[in-house]
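*Asks:* Below you will find the structure I want to go over with you.
Only the coordinates and a few stated rules stand behind these numbers; no lab work does. Since the structure is predicted, the reported quantities are computational estimates derived from the model, not experimental observations. All Cβ positions, glycine included, derive from the backbone under ideal geometry; neighbour counts span all protein chains shown.
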Amino acid sequence: MVKTGYEVRGYNPAVARWAQSARHAALALDTSERRHGKTWFVGVDVLPNAPDGSIADVAWPYAQMAPTWHKAQVSIIYPHYPKRDADESEAAHLFRLKRDAAHMDGLLPEGPKKRRHLREPHGFIIGVSLNEALASPLVVWEGSHVIMQAAFEAAFAGIAPQDYGDVDITDVYQAARRDVFARCARIEVPTVVGEAVFLHRHLIHGVAPWEGTGPDEGRMIAYFRPLIDPADWLVR
């Protein structure tokens, strides 16, 4: 993963059992609040898993990788994703359609101008498919974490880690992402139940538009993003 910034770990029956339990919980969620023309349920912090990652007494196979686990995101993509919301600009819609809404987690848009600040220093990202749906797979830009790391190291040079969040990182982030598009390969990463995909915290990633067929319940993936100390966020 050090070189590419991502790794798909092959079928593990323990992961498959967890995914089956998580899927049952996800199907009970109220998913009526959706974005992009009702084609995406964001599902941040909605999975009712325990602090050790288990759900309905089914153990989380990677529990030892973090001291505690937040409630996982349940990202559900539905057919025809992405449609355009009424209040969405054409540029934003096209970026989602043509660039897979490529982003890096943890840099939150704030204020009327949506300026980016580091508010959630994640240690890593784990994604687990909850059903068999290959439409709208995860997309990564291979090796993009190296470019993003270098940009952030320069931007935060001389700044105390506890003050990273005070820095408006928008311009640095957008310039580095443009560099990623020019230099890194775009890779679609479909996964099936029983597999887990690990992403470096600085990896640029997104979601491909819906193509082909999938279940009526949509393409469902659970994501964990354990937080770490800001002082460790730039450590290579």
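*Asks:* When ranked by the protection proxy of mean other Cβ atoms within 10 Å per residue, highest first, what sequence do the peptides 73-84, 136-147, 157-168 form? The partial results should precede the final answer.
*Replies:* Details: 73-84: 21.2, 136-147: 23.2, 157-168: 11.9.
The peptides rank, most packed first, as 136-147, 73-84, 157-168.
*Asks:* Another question, if that's okay. Alpha carbon centre of segment 1-39 versus segment 143-176: separation in Å?
*Replies:* If you average the Cα positions of each part, the centres end up 29 Å apart.
*Asks:* Now for a separate question. How many lysine pairs does the chain hold where the Cα atoms are under 25 Å apart and the two sit 8 or more places apart or on different chains?
*Replies:* The result is 10.
*Asks:* While we're here: Hey, in the GNM for the chain with a 10 angstrom Cα cutoff, which one of Ala135, Ala26, Ala66 fluctuates hardest?
*Replies:* Of Ala135, Ala26, Ala66, the most mobile in the Gaussian network model is Ala66.
*Asks:* What is the order of Trp233, Trp18, fewest Cβ neighbours within 10 Å to most?
*Replies:* Result, fewest neighbours first: Trp233, Trp18.
*Asks:* Separation of segment 92-119 and segment 192-230 by C-alpha centroid, Å?
*Replies:* Spelled out, the Cα-based centre of one part sits 17 Å from the other.
*Asks:* Further question on the same structure: So if I take the alpha carbon set of the chain, get Rg, then get Rh from the Kirkwood formula, what is the Rg over Rh ratio? Could you put the intermediate results ahead of the total?
*Replies:* On the way: Rg = 17.4 Å, Rh = 18.4 Å.
Taking Rh as the inverse mean 1/r over Cα pairs, Rg/Rh reads 0.95.
*Asks:* Most fluctuating residue of Asn131, Asn49, Asn12 in a GNM of the chain with Cα springs under 10 Å: which is it?
*Replies:* Comparing Asn131, Asn49, Asn12 in the GNM, the peak value goes to Asn12.
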